[in-house]
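Asker: Here's a structure for you.
The values are calculated or read from the model by the stated rules, or taken from the named source; none is laboratory data. What you see is a predicted model; the values in this text were computed from it and never measured. We place every Cβ from the backbone using ideal geometry, glycine too, and count neighbours over all the protein chains shown.
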Amino acid sequence: MAQGKVAAALVTAMKGAQMGPPIFNAIPSFLLELLTNMAMKSEDKKARSGDVTMRMLAPTLHYDFQLVDETAEALENFRAVRDEVLLLGGSRSPAYLKAALDALEKVLPHVKRIEFPGLGHGGSSDTSNTNRGGQPELVAQELRRFFAEP
């Protein structure tokens, strides 16, 4: 990312986080980078004022991995959370994300967990060419229900 290779950083992160379809593991990284660049250029052209594009989000990606690293050994700390917590996941999410939700569900004292059938990690995002499985309204409905509870 520091070298300006946004597509390369996104491909590396996607593979490392197991977020792409399994077929991506068989495609050489240089080809995925080319396709990612093409997708970002297309998204940039179609973006309306106020839209947040993947190119704009890419520089924040390292924070995701930093948070995962910082909290890796801190599971028991979550036992002290006294507020109600809503855990959301999708049936198509990577196994390690499901395992993380399983672990959190066991230590959080006041937790509600929902798994959305057929959704993956991008389930809360708008549907697009790069995220055909997004169903943000379904996720938003559960969020509204949770925050409306007394």
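Asker: Go through (1) of a type outside the set (A, V, I, L, M); (2) within 22 Å of MET1 (Cα to Cα); (3) in contact with a helix residue (DSSP H, G or I) (Cβ under 7 Å, 6 or more places away or on another chain) and name the single condition GLU76 misses.
Answerer: The number of the failed condition is (2).
Okay, residues lined up against (1) surrounded by 11 or more Cβ atoms within 10 Å (Cβ to Cβ); (2) of a type in the set (Gly, Ala, Ser):
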site	(1), (2)
PRO22	no, no
ILE27	yes, no
GLU43	yes, no
GLU73	no, no
ALA80	no, yes
ASP83	no, no
PRO94	yes, no
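Asker: Could you check segment 45-59 and list, in sequence order, the residues that are surrounded by 12 or more Cβ atoms within 10 Å (Cβ to Cβ) and free of Cβ contacts under 8 Å to residues at least 60 places away in the same chain? If you could, list the steps in order and put the result at the bottom.
Answerer: Pass one, segment 45-59, residues surrounded by 12 or more Cβ atoms within 10 Å (Cβ to Cβ): 47, 53-56, 58-59.
The answer is ALA47, THR53, ARG55, MET56, ALA58, PRO59.
Asker: Only one residue in LEU31, LEU10 is among the hydrophobic types (A, V, I, L, M, F, W, C), surrounded by 11 or more Cβ atoms within 10 Å (Cβ to Cβ) and closer than 29 Å to LEU138 by Cβ. Which one?
Answerer: LEU10
Asker: With of a type in the set (Lys, Arg) and over 25 Å from GLU142 (Cα atoms) as the only criterion, which of LYS106, LYS45 stands out?
Answerer: On the way: LYS106 fails: over 25 Å from GLU142 (Cα atoms).
From the options LYS106, LYS45, the qualifying one is LYS45.
Asker: Scanning segment 65-76 for residues that are over 19 Å from ASP102 (Cβ atoms) and either modelled with pLDDT under 85 or among the β-branched types (Val, Ile, Thr) (or both), which turns out nearest to the chain's Cα centre (by Cα)?
Answerer: So the residue we want is PHE65.
Asker: Inspect segment 21-44 for any residue being free of Cβ contacts under 8 Å to residues at least 12 places away in the same chain and among the basic types (Lys, Arg) and give the result as yes or no.
Answerer: Yes, the conditions are met somewhere in segment 21-44.
Asker: List the residue pairs whose Cβ atoms are under 8 Å apart, where the first residue sits in segment 131-150 and is more than 17 Å from HIS110 (Cα to Cα) and assigned by TED's automatic domain parsing to the domain that holds VAL111, the second is of a type in the set (D, E, K, R) and modelled with pLDDT under 95, and the two are 6 or more positions apart or on different chains.
Answerer: Qualifying pairs under 8 Å: GLY133/ARG92; GLY134/ASP126; PRO136/ASP126.
Asker: Inside segment 1-20, can you point out the residues that are part of a loop (DSSP other than H, G, I, E, B) and of a type in the set (Lys, Arg)?
Answerer: Within segment 1-20, LYS5 is the sole residue that qualifies.
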